[in-house]
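The values are calculated or read from the model by the stated rules, or taken from the named source; none is laboratory data. As the structure is a prediction and not an experimental result, all values here were calculated from the model. Backbone-built Cβ (ideal geometry, glycine too); neighbour counts: all protein chains shown.
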């Protein structure tokens with residue numbers, strides 16, 4: 001018999017201790033009443049949580065035609081005489097309103113589709129109606145006619161912290177419903193699309209092609225994000241542990257407009273902004289923290305009517321702290337024309353609150 005080294009004995013013990021510590025950390029994030037039934041035979045498990053939420057997660061299959069050279073939904077199959085290509089796509093979605101049959105997903109999952117089929121957890125397949133979509137946030141709302149649906153409640157994504165545990169559910173590579181778990185790796189990620197409204201949640205819960213549109217949930221079973229993108233490997237585009245989800249608070253506002261109007265009636269302030277750097281914070285006598293500096297205000301806009309001025313430093317919108325200029329742009333860009341918002345700002349070393357009614361016309365919020 002080969003002698004057993006001390007390292008080989010210690011390694012599995014260390015792994016067990018680490019796993020138990022992680023499970024302990026997970027349980028501290030969830031109220032005691034929610035943890036009831038989490039264990040089976042004394043072993044903690046996420047299985048009861050998964051069993052409760054997965055009926056609200058759907059697989060989405062689409063087909064449609066696009067002109068040659070345009071962005072495809074997926075791999076094409078046949079070409080028409082006009083040069084259009086028949087393409088198909090697979091993705092995921094999440095039921096957020098069981099009574100009315102509303103399903104949230106990504107716009108790129110259903111883009112150019114003339115047929116959208118939704119497969120439920122109980123294997124029913126129904127044809128979905130596109131209620132509307134928004135290119136700026138890459139979100140879409142579908143409606144399905146099925147009864148007996150289960151929905152996932154929307155959570156408060158602004159309450160997420162780096163290190164919180166999350167679960168991603170979707171249809172990676174068309175394999176069928178798959179569950180992965182991880183943590184919130186970072187918040188407020190942006191810079192991927194200069195025309196988009198980005199404030200992504202970054203997670204290491206595995207997200208792969210086909211997961212797009214599926215839910216990111218917290219350990220209370222609430223929807224905190226819609227999975228949308230990954231940084232993939234060179235071969236196969238698989239997960240490298242860097243995935244991104246659209247925060248649920250953005251999804252809530254966008255969905256509300258799509259359901260009511262069929263699209264997003266995006267509002268405008270009429271300002272040019274930039275990040276609050278440490279040097280600018282010293283110049284404007286601002287305490288440490290995030291914010292966006294107003295570089296200029298256009299005449300006749302909502303910002304001008306509210307008496308915003310160049311040099312103002314906006315640090316909060318409706319009581320929610322602003323991280324940087326991109327964060328402010330996204331917050332304003334997901335509001336509706338006519339919405340009234342409160343901006344907390346620093347001016348001349350003092351703090352004040354300004355009420356602004358989001359306008360339809362004028363210069364958009366631009367970032368320098």
If we keep only residues of region 166-176 that are touching a residue at least 40 places away in the same chain (Cβ under 8 Å) and crowded, with 19+ Cβ neighbours inside 10 Å, then the residue farthest from residue 224 (Cα to Cα) is 171
Taking region 89-125 and keeping only residues that are without any contact (Cβ under 8 Å) to a residue 40 or more places away in the chain, assigned to a strand (DSSP E or B) and surrounded by 16 or more Cβ atoms within 10 Å (Cβ to Cβ), one is left with 89
Would you be able to say whether some residue in region 246-253 is modelled with pLDDT under 85 and surrounded by 16 or more Cβ atoms within 10 Å (Cβ to Cβ)? no
Inset, instruction - Please tell me if residue 41 is touching a helix residue (DSSP H, G or I) at 6+ places or on another chain (Cβ under 6 Å) and modelled with pLDDT under 95. - result: no
inquiry  = If I filter region 204-223 for residues that are within 10 Å of the chain's Cα centre (by Cα), surrounded by fewer than 23 Cβ atoms within 10 Å (Cβ to Cβ) and modelled with pLDDT under 95, do I get at least one hit?
reply    = no
Pairs returned, first residue in region 46-61 that is within 15 Å of residue 123 (Cα to Cα), second residue that is part of a helix (DSSP H, G or I), beta-carbon separation under 9 angstrom, 6 or more apart or interchain, are 59/174; 60/109; 60/110; 61/174
Margin query: Criterion first (at pLDDT 90 or above and touching a strand residue (DSSP E or B) at 6+ places or on another chain (Cβ under 8 Å)) does residue 361 satisfy it?
Written below: no
Picked from region 266-320 (must be touching a helix residue (DSSP H, G or I) at 6+ places or on another chain (Cβ under 8 Å) and over 30 Å from residue 159 (Cβ atoms)), the residue surrounded by the fewest Cβ atoms within 10 Å (Cβ to Cβ) is 298
